[in-house]
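Each remark here refers to the structure printed beneath this line.
The values are calculated or read from the model by the stated rules, or taken from the named source; none is laboratory data. On a predicted model such as this, the values are computed, not experimentally measured, just so you know. Don't worry about glycine lacking a Cβ; one is built from the backbone with ideal geometry, like all the others, and counts go over all protein chains shown.
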């Protein structure tokens, strides 16, 4: 009888140990890949993508190592020749497009973040309603009463519900991208509004004191 | 007791102990992790508050020195310091968990302070002196900065005790937080922020622009509706009300198939101010050049004479065309209208005439004082000039300047260099940046 109890207790301890070990394993901190920019203007990750794609299509036989050596360069030239591109061995925007990849460029970070915020805040709204959200963000960047960058405005504490509740991390769709691009191109359906709120849910008494310029969909836009 | 009962009890105990232990471990780990995150966040907030206070302290001391300095070189140094410190302070404020309405007066003050000092710095660089009026402004800016400094130093003392910012913050929808209330002392009625008028970034004079492009003659809603129907035949048009923003407008919703568009017509003069919709473009069949022509023709139908495509870029199945008037061979950039054309069927899917409505006027002075050869002397010798044109360009904040526009190539990059056609000074340089989404002018 006693031996059985001991065996059972032993099993129990084993069980706990296994659970605990498993748990600690889960809580290992994530590791992040660091990106190194090399002379080609591409990051290591981008070079790896180029190599992988060229390898899949039979242009490249070397290792996918993120090093832009002669082998990679020749493969790029070979690919460019076959695709009617200027065979200079440099992965510019056209070659990248033919490879089906995107090179991050100066303003596309703003575009991406803007599209994310539009998508998270207004994906249920009409297209104009989405451009309007983008326009408000850009009007804030220009306004003296707000931070002076797209990042600063979007991540300003309490400024956007979607940042507080994490919805900003959803991947935007093409419509949100188009709306962001139109807003960056200067289309402003709100005519300079720097605030918007849903009159059905807004609780701040202060926001009601602002002058409403236009109502689009569910949102009031105000200055 | 039989064997089965004992086994069941033992198993039950094992499960109970296991579950309790597991919950305990995971709770402990989560609490630990959360505690760590909370501390990290507290430090980010505190660091920003300390830096903000430092920056304001330094701004205050630079302003006090500026107030009594008489040498332009020394003044320039203090102004440059203030601009840099203000920009840094701006970043600090944007990170602190304060509701916008509790802090917007302070953000405006810091932005305008930086804009004002930047303009004074540029004036000094041009050899001008700081005027007596500006000196008065500096004195009142100094007073405000002293008040802000006092409040912020009180706050840093508070935070350096066991006060936790994180513990005193809450969702603004659930009422004003304690941390928010700590900033009440920075309100306009206490600090008394001066109203700053200058021709520079964030100035109040720039935000209240006058409309030059439209006459006082107004049209009524019926006339506006008729115009929209004439401009966009084949669309269903529905009036959706009026807007009283920067411009007073009549608004319309247009429908064609399942595509929806949104148009605004100004009350004054009844021009198409804006037209935009979420067009889903298909396979491109029109070239960029064809789309430029389509944009020009559309402008003519709308009654805009003499508008020419001076710039375009193709991106994601659309061509974005910039139209400007060209008068006596001079490009009038301030009156630019932006048009978006779908490359699949050549339809107009976007129109924006805000700049035109603000700036369009008959310019009288379109002749340069210096000739092209003289203007070229301000370019560096390694610039390969491809085209030269005369152009009026908008100044950064107020007014416009007649310039020579030199399109040049240097080390493979394309630049537009603008040289003042009266003085020969370089006014602006734009560079073409090639991106995945077409070319950008920066």
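Structure notes:
- Residue A:94 modelled with pLDDT of 55 or more, within 14 Å of chain B (Cβ to nearest Cβ) and out of contact with any helix residue (DSSP H, G or I) (no Cβ under 6 Å at 6 or more places or on another chain): yes
- Residue A:86 passes every criterion in (1) assigned to a loop (DSSP other than H, G, I, E, B); (2) buried (at least 20 other Cβ atoms within 10 Å of the Cβ); (3) modelled with pLDDT under 85 apart from (2).
- Extreme residue, surrounded by the fewest Cβ atoms within 10 Å (Cβ to Cβ), among residues of region A:166-223 that are within 9 Å of chain B (Cβ to nearest Cβ), modelled with pLDDT of 85 or more and assigned to a helix (DSSP H, G or I): A:174
- Verdict on residue A:145 being within 24 Å of residue B:340 (Cβ to Cβ), facing chain B (nearest Cβ under 9 Å) and touching a residue at least 12 places away in the same chain (Cβ under 8 Å): no
For every residue, the table says whether it meets (1) surrounded by fewer than 15 Cβ atoms within 10 Å (Cβ to Cβ); (2) assigned by TED's automatic domain parsing to the domain that holds residue B:411; (3) on the phi < 0 side of the Ramachandran plot; (4) modelled with pLDDT of 95 or more.
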position	(1), (2), (3), (4)
B:301	yes, no, yes, no
B:319	no, no, yes, no
B:327	no, no, yes, no
B:338	no, no, yes, no
B:351	no, no, yes, no
B:355	no, no, yes, no
B:364	yes, no, yes, no
B:376	no, yes, yes, no
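- Matching entry among A:128, A:136, A:150 (being out of contact with any helix residue (DSSP H, G or I) (no Cβ under 7 Å at 6 or more places or on another chain), crowded, with 21+ Cβ neighbours inside 10 Å and away from every other protein chain (no Cβ under 11 Å)): A:136
- Being more than 9 Å from chain A (Cβ to nearest Cβ), part of a helix (DSSP H, G or I) and out of contact with any helix residue (DSSP H, G or I) (no Cβ under 6 Å at 6 or more places or on another chain) holds for only one residue in B:39, B:48, B:92, B:62, and it is B:39.
- Inclusion of residue B:98 among residues that are in contact (Cβ under 8 Å) with a residue 40 or more places away in the chain and outside any helix (DSSP H, G or I) is warranted.
- Test: residue in region A:3-23 that is in contact with a helix residue (DSSP H, G or I) (Cβ under 7 Å, 6 or more places away or on another chain), modelled with pLDDT of 75 or more and part of a helix (DSSP H, G or I): no
- Among residues of region B:82-125, those that are over 20 Å from the mean Cα position of the chain (by Cα) and under 15 Å from residue B:149 (Cα atoms), counted: 2
- Here residue A:39 meets the list (1) at pLDDT below 85; (2) in a helix (DSSP H, G or I) almost entirely, failing just condition (2).
- Under the condition of being within 7 Å of chain A (Cβ to nearest Cβ) and surrounded by fewer than 20 Cβ atoms within 10 Å (Cβ to Cβ), the residues counted in region B:102-135 number 2.
- Scanning region B:212-234 for residues that are under 23 Å from residue B:246 (Cβ atoms) and touching a helix residue (DSSP H, G or I) at 6+ places or on another chain (Cβ under 9 Å) returns B:212, B:213, B:214, B:219, B:231.
- Filtered by the rule that a residue be without any contact (Cβ under 8 Å) to a residue 60 or more places away in the chain and touching a strand residue (DSSP E or B) at 6+ places or on another chain (Cβ under 8 Å), region B:341-364 gives B:341, B:355, B:363.
- Residues being surrounded by fewer than 22 Cβ atoms within 10 Å (Cβ to Cβ), part of a helix (DSSP H, G or I) and at the interface with another protein chain (Cβ under 10 Å from one of its Cβ atoms) - total across region A:153-165: 2
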